[in-house]
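Heads up: the structure comes next, in structure tokens.
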């Protein structure tokens, strides 16, 4: 075998592990693209609502996302069987957030609840940007509800 061919093969054998180490190092220090950067956020909200057939409500809350807190306000309407008034404190998670601005938007749900002085509520919501929220918590008041809801969340 000619000496130059043997020398090239030896250089390739040495370069292969080095190239692998360089590629691995670059992969570790490269920033994640947004498609891989989805994270869940913790949501805490307080909502006051009332209605008779058509209900309305308003409230505020805080999203904790990637170690930062983002206050938001809630305005909502419900259509269906609604009677009474209640105050609710909800806690849960929002998933599918790529950027904190994805959290703001119009969420829809179909659900229900009952409160006679005290009770519990839970809701699953989804907005047009693909953010899903699952919230649960106690509520106080007198309310019977089985309805379709549209809730608009805006960051403060």
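Please treat every number below as a calculation from the coordinates, not as lab data. Keep in mind the model is a prediction, meaning the values are calculated, not measured. So basically every Cβ, Gly included, is an ideal-geometry build from the backbone, and we count neighbours across all protein chains shown.
Per-structure values
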quantity: Pairwise label distance in nanometres, residue 101 with residue 54, each label 7 Å out on the Cα-Cβ vector; calculated: 3.3 nm
quantity: Cβ-derived FRET efficiency at R0 22 Å, residue 142 paired with residue 93, nearest 0.05; calculated: 0.15
quantity: Taking 75, 47, 153, 87 and counting other C-beta atoms within 10 Å, the order from fewest to most; calculated: 75, 87, 47, 153
quantity: Relative exposure of 109, 95, judged by other C-beta atoms within 10 Å (fewest first); calculated: 95, 109
quantity: Stretch gain in nm, segment residue 75-residue 62, where the contour uses 0.36 nm per residue and the Cα spacing is subtracted; calculated: 3.2 nm
quantity: Neighbour-count order for 143, 128, fewest beta carbons within 10 angstrom listed first; calculated: 128, 143
quantity: Distance (nanometres) between label positions extended 7 Å along Cα→Cβ at residue 155 and residue 85; calculated: 3.4 nm
quantity: Residues of the stretch 56-76 with amide N under 19 Å of the 7 Å Cα→Cβ point at residue 40; calculated: 62-70
